[in-house]
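Accompanying notes for the structure given below.
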Amino acid sequence: MTTISQTAGRSLRPSSSGGFFSALAHAASALFDRIERRSAVKTLSELDDRALRDIGITRSQIEDAVYGQFKAELSRYL
């Protein structure tokens, strides 16, 4: 049998500072992800139409491809 006990004066809930740091880490991660995706969009936008066609996308599909909003016909090439 397992017994769960609580030390007097200590809560089983996470501290508010843990929630703050977790939210801060999540926000930083989201920011870096956004920067990385914008860089990928810029890089792909600099390619010519032939190079884009070689990787299976058109100029109008660049953001969809970078942000993971693939159409069904695109996913078969990846």
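The values are calculated or read from the model by the stated rules, or taken from the named source; none is laboratory data. None of these values were measured; they are calculated from a predicted model. Please note: Cβ atoms are built from the backbone with ideal geometry, for glycine as well, and neighbour counts cover all protein chains shown.
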Legend entry - Of all residues making up segment 7-52, the number that are at pLDDT below 95 and not in a helix (DSSP H, G or I): 9
Legend entry - All positions within segment 48-60 that are touching a helix residue (DSSP H, G or I) at 6+ places or on another chain (Cβ under 7 Å) and either surrounded by 11 or more Cβ atoms within 10 Å (Cβ to Cβ) or within 25 Å of Ile35 (Cβ to Cβ) (or both): Leu52, Gly56, Ile57, Thr58, Arg59
Inset, instruction - Filter segment 37-47 down to the residues that are surrounded by 11 or more Cβ atoms within 10 Å (Cβ to Cβ) and of a type outside the set (Gly, Ala, Ser), then identify the one that is farthest from the chain's Cα centre (by Cα). - result: Leu47
